[in-house]
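Colleague: Questions regarding the structure given below will be posed in turn.
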Amino acid sequence: MPSGSSSHSDAGSVGGKAAGARREDRPPEAAGGRLRLWLERGESGYWLRDAATGDAVRWDDERLRVVKLAGASYRMEALQDEAFAPGRRLALVREPDNEHDPNAVAVWDAERRVQAGYVPADVAPELSGDEQAVALWEFRSEDGQRIGLRVLLAPPDAWVQDPRP
């Protein structure tokens, strides 16, 4: 059963002070209390910036979670799909009938065609079930294969802007 949405109607283009975004490029709600994030391109993925202030947002910020994808080594072929490239939206799917862990939350591509792994077992029970998920950072082997991901888990009402092509 789906537990989260992989799309968000507010999604648009990336920016931020460090990336040279102008104030008028920012959403009008940027001054409010809702979490608003820009994805700023880094070497192997995206850093997070507060859309209201342009300040860097640390991965250990209490308003969000950034987790290492669990079980990726069992799904190496699936992980090569471009649907898991940094910046891509992902789907979180609860697996209450999972024989190993009834709290398991699978991580799928946005269209739910391919599964890359799981939310770590120590984090999954703490999720409300409607979080947004975005592939944030990738790890590659020496031969260039994607071997792991860091995944952003953001509240359902957060505004997470899509990266620019």
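Colleague: I want to confirm something. Restricting to region 144-165 and keeping residues that are assigned to a loop (DSSP other than H, G, I, E, B), at pLDDT 95 or above and within 13 Å of the chain's Cα centre (by Cα), which single residue is farthest from THR53 (Cα to Cα)?
Modeller: My answer is PRO156.
Colleague: Further, regarding this structure: Under 8 Å by Cβ, and 6 or more places apart or on different chains, what pairs join a residue from region 90-112 that is touching a residue at least 12 places away in the same chain (Cβ under 8 Å) with one that is surrounded by fewer than 17 Cβ atoms within 10 Å (Cβ to Cβ) and assigned to a strand (DSSP E or B)?
Modeller: ALA91/PRO2; LEU92/PRO2; VAL93/PRO2; ARG94/PRO2; ARG112/PRO2
Colleague: Among the candidates ARG140, ARG150, ARG146, which residue alone is touching a residue at least 40 places away in the same chain (Cβ under 8 Å), touching a Phe, Trp or Tyr at 6+ places or on another chain (Cβ under 6 Å) and not small (Gly, Ala, Ser)?
Modeller: Details: ARG140 fails: touching a Phe, Trp or Tyr at 6+ places or on another chain (Cβ under 6 Å); ARG146 fails: touching a Phe, Trp or Tyr at 6+ places or on another chain (Cβ under 6 Å).
Within the list ARG140, ARG150, ARG146, the selection yields ARG150.
Colleague: Considering only region 76-90, I want to know if a residue exists there that is aromatic (Phe, Trp, Tyr), part of a strand (DSSP E or B) and surrounded by 14 or more Cβ atoms within 10 Å (Cβ to Cβ).
Modeller: No, the conditions are met nowhere in region 76-90.
Colleague: Let me ask you something else. Can you tell me which residues in region 111-150 are under 16 Å from TYR74 (Cβ atoms) and either among the aliphatic types (A, V, I, L, M) or touching a helix residue (DSSP H, G or I) at 6+ places or on another chain (Cβ under 8 Å) (or both)?
Modeller: Those that are under 16 Å from TYR74 (Cβ atoms) and either among the aliphatic types (A, V, I, L, M) or touching a helix residue (DSSP H, G or I) at 6+ places or on another chain (Cβ under 8 Å) (or both): VAL114, GLN115, ALA116, GLY117, TYR118, VAL119, ALA121, GLN145, ARG146, ILE147, GLY148, LEU149.
Colleague: Whether any residue in region 101-118 is at pLDDT below 95 and among the polar types (S, T, N, Q) is what I want to check.
Modeller: Looking through region 101-118, none of the residues is at pLDDT below 95 and among the polar types (S, T, N, Q).
The values are calculated or read from the model by the stated rules, or taken from the named source; none is laboratory data. Small disclaimer: the values here were computed from a predicted structure and weren't measured. No Cβ is skipped: glycine too gets one built from the backbone with ideal geometry, and neighbour counts run over all protein chains shown.
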